[in-house]
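Here is the structure we will look at, set down as structure tokens.
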Amino acid sequence: MAAPLLLYGGTFDPPHAAHGRLPQLAAKAIGASRVVWIPAAQNPLRTERSAPPSDRIAMLRALLAGNADAEIDQRELQRGGPSYFVDTLRSFRAEDAKTPLRFLIGADQALQFRRWHDWESILDLADPVIAPRPPHDRLALEVVLEQLDEGQSRPGWWRGSVLDLPLDDASATKLREALSDSDEAALEAGIPESVLSVIRDRGLYGRSNA
Ligand code: ATP
């Protein structure tokens, strides 16, 4: 069978080290031929406002600058409005009918996957790849996913998809909190320096070069 294409959606507000590292580890684990980062215009399950798309792209480019193979796809930004991943998958499928598609999500999204718009159609189009995330290591995550299946449709949708990857506590929420304090707090919280530099140049999250 042909090597799959790994799609990785996110808000990337701001991007952090796990956003760069996890897709690469996941791609290796599943033998993907390519990874595509797909910034959302608006995450339908998120109420806060995000940094503007052009700024999130600039930060993501800075994060991925050392990875010559990294591809950033802007179709959700171009589409605008709530970014329903099922639409994104359909558009990839329309471009290439053959390559198997997989999509990478972290444990927090796996735990709320049945809230995603038309999630069953998503599973008809692509198989998931799930990264453990604190506080859930692989085993703990599988136990909770199993409990959530009870009485629901498509039980076991996640089975065989949870990767055995090291836990990574990077989080955009944590970084936004640290950024609201100081550059030093953000660096201590693990913001990549290249991303902080874009944040300062563009005056994002209340930070600046001044
Ligand atoms: P926020 O804290 O604002 O919710 P985030 O850190 O989860 O942001 P997103 O852009 O929402 O960042 O993440 C994109 C995808 O990457 C999601 O599927 C999320 O679960 C996953 N992800 C992000 N950080 C990690 C991490 N540290 N470990 C595993 N998965 C992660």
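The values are calculated or read from the model by the stated rules, or taken from the named source; none is laboratory data. Since this is a predicted model, take the numbers as computed values, not measurements. Note that we place each Cβ from the backbone using ideal geometry, even for glycine, and neighbour counts take in every protein chain shown. Just so you know, the surface numbers come from the protein's heavy atoms only, side chains and all, with ligands and any DNA or RNA stripped out. Shrake-Rupley method; radii C 1.70, N 1.55, O 1.52, S 1.80 Å.
Report those helices (runs of 4 or more DSSP H) wholly inside the stretch 1-85 carrying at least 3 residues which are of a type in the set (A, V, I, L, M), open to solvent by 60 Å² or more (accessible area, probe 1.4 Å) and modelled with pLDDT of 95 or more.
Qualifying helices (runs of 4 or more DSSP H): none found.
Need the failing condition index for Leu179 against (1) away from the ligand (no atom under 14 Å from the Cβ); (2) more than 23 Å from Ala27 (Cα to Cα); (3) in contact (Cβ under 8 Å) with a residue 12 or more places away in the chain, just the number.
Condition not satisfied by Leu179: (1).
Could you give every pair whose Cβ atoms fall below 8 Å, whose first residue belongs to the stretch 189-209 and is over 13 Å from His16 (Cα atoms), and whose second residue is open to solvent by 30 Å² or more (accessible area, probe 1.4 Å) and assigned to a helix (DSSP H, G or I), counting only separations of at least 6 or pairs across chains?
Within 8 Å, the pairs are Tyr205/Arg176; Arg207/Arg200; Ser208/Arg200; Asn209/Arg200; Asn209/Asp201.
So which residues in the stretch 135-158 are hydrophobic (A, V, I, L, M, F, W, C) and closer than 14 Å to Phe113 by Cβ, if there are any at all?
Leu141, Val144, Leu145, Leu148, Trp157, Trp158
Would you mind finding the one in Arg56, Arg114, Arg90 that is touching a residue at least 24 places away in the same chain (Cβ under 8 Å) and within 23 Å of Asp13 (Cβ to Cβ)?
Arg56
Please state which one of Leu141, Leu104 is crowded, with 18+ Cβ neighbours inside 10 Å and closer than 30 Å to Glu193 by Cβ.
So the residue among Leu141, Leu104 that is crowded, with 18+ Cβ neighbours inside 10 Å and closer than 30 Å to Glu193 by Cβ is Leu104.
Confirm whether Leu123 is open to solvent by less than 30 Å² (accessible area, probe 1.4 Å) and either out of contact with any helix residue (DSSP H, G or I) (no Cβ under 6 Å at 6 or more places or on another chain) or under 22 Å from Asp13 (Cβ atoms) (or both).
Judged against the criteria, Leu123 is a match.
In the stretch 91-101, what residues are part of a helix (DSSP H, G or I) and either surrounded by 14 or more Cβ atoms within 10 Å (Cβ to Cβ) or within 15 Å of the ligand (Cβ to nearest atom) (or both)?
Listed by number, the residues that qualify are Phe92, Arg93.
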